[in-house]
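K.L.:
Encoded as structure tokens, here's the structure I'll be asking about.
Where a number appears in this text, it was derived from the coordinates with a stated rule and is not lab data. All figures in this text were calculated on a predicted structure; none of them were measured in a lab. Heads up, the Cβs are rebuilt from the backbone with ideal geometry, glycines too, and the neighbour counts pull from every protein chain shown.
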Number of protein chains: 2
Amino acid sequence: MTNYKNNNFKTAVTIAKALADETRLRALMLLADGPLCLCQIVEVLRLASSTISKHMSILQQAGLVTGRKKGRWMHFAWSDGDSSPEARQALDWINGTLRNDDQIGRDRQRLQEVLAIEPEQLCRKQNQN
Amino acid sequence: MTNYKNNNFKTAVTIAKALADETRLRALMLLADGPLCLCQIVEVLRLASSTISKHMSILQQAGLVTGRKKGRWMHFAWSDGDSSPEARQALDWINGTLRNDDQIGRDRQRLQEVLAIEPEQLCRKQNQN
DNA sequence: TTTATAATTCGTCATATAACGAAATATAGC
DNA sequence: GCTATATTTCGTTATATGACGAATTATAAA
């Protein structure tokens, strides 16, 4: 007999909602090979930085992604170790499902181009409009 | 080299969207022990039958659930065998995550009461308001 | 064929969500 | 301290979604 309050339900809904958006899935999959800063994700997905920031916040709240401030830059990464088992399983599912997807492949290709640009130059370009 | 068009992305988004709703997760988990007809799900979740019908349709489109007409009744069940691997993995994830959840447990308990009532009586009650 | 009824579809409303640009915040470098 | 700048927060707008009841559809029984 246990009094343990099993609250996986809220967690699962939060995770599923976080995954239920094309932009967030693409952003999540961009992190497959390592951390990225916001402006790099912005450059690949071609959306406003405020929009991407909100999306990353939702992914963080679901425990799928960690965001660490390194100087002026935020480094977003998959939350492998320190996340809930539910989040880790969800990451496995998404990664297994989308690893070979075409859209994700195109995004990764564009990421390679973006990685060739200095991050500083990238952000300056984005903020000068 | 392959020309195979890998379209998992749309599939994954559809599945994640299907899972991103409390009512749908509860309905999905109600099917853990076997098929149910619409009016039974309606009785447990206490929502309008049109609402539940829409939810089940979304779960079906995502490949998570099958609906078979048996006479006047629809029998909804997990789509174990004939679904996409993505859907099956998603089902595994959700089932593993929510199997011991409190909310899901309460729903199952109520399902036991509902299963004690004849389906015919159940539906008549629902349609006479 | 007519009637009853389980489920679905349709029309409507209220709420939630995603997008943007502008303003605010926080950190690095001077 | 001040200035530049990467990111976040805020306010707004358009679209998506979930709920309901009424109308429709499809099947069983009479």
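K.L.:
For the range B:48-58, check the following and say yes or no: at least one residue is within 16 Å of DNA strand D (Cβ to nearest atom), out of contact with any Lys or Arg (no Cβ under 8 Å at 6 or more places or on another chain) and within 25 Å of A:Glu86 (Cα to Cα).
P.N.:
Yes - at least one qualifying residue is present in the range B:48-58.
K.L.:
I would also like to ask the following. Which residue is nearest to DNA strand D (Cβ to nearest atom), if the candidates are limited to the range A:67-100 and must be free of Cβ contacts under 8 Å to residues at least 24 places away in the same chain, buried (at least 17 other Cβ atoms within 10 Å of the Cβ) and within 19 Å of A:Ile41 (Cβ to Cβ)?
P.N.:
Checked the range A:67-100; the qualifying residue nearest to DNA strand D (Cβ to nearest atom) is A:Gly67.
K.L.:
Quick check on my filter: what residues within the range B:77-104 are among the small types (Gly, Ala, Ser) and more than 8 Å from every other protein chain (Cβ to nearest Cβ)?
P.N.:
Passing the criteria: B:Ala77, B:Ser79, B:Gly81, B:Ser83, B:Ser84, B:Ala87.
K.L.:
Here is a further query. Take A:Gly34 and decide whether it is closer than 27 Å to A:Ile117 by Cβ, surrounded by fewer than 23 Cβ atoms within 10 Å (Cβ to Cβ), more than 10 Å from DNA strand D (Cβ to nearest atom) and small (Gly, Ala, Ser).
P.N.:
Yes.
K.L.:
Filter the helices (runs of 4 or more DSSP H) completely within the range A:1-76 down to those with at least 2 residues that are within 9 Å of chain B (Cβ to nearest Cβ) and away from DNA strand C (no atom under 13 Å from the Cβ).
P.N.:
Helices (runs of 4 or more DSSP H) meeting the threshold: A:8-19.
K.L.:
Next question. Does at least one position in the range A:113-129 carry a residue that is closer than 17 Å to A:Pro35 by Cα, away from DNA strand D (no atom under 16 Å from the Cβ) and at the interface with chain B (Cβ under 9 Å from one of its Cβ atoms)?
P.N.:
Taking every residue of the range A:113-129 in turn, none turns out to be closer than 17 Å to A:Pro35 by Cα, away from DNA strand D (no atom under 16 Å from the Cβ) and at the interface with chain B (Cβ under 9 Å from one of its Cβ atoms).
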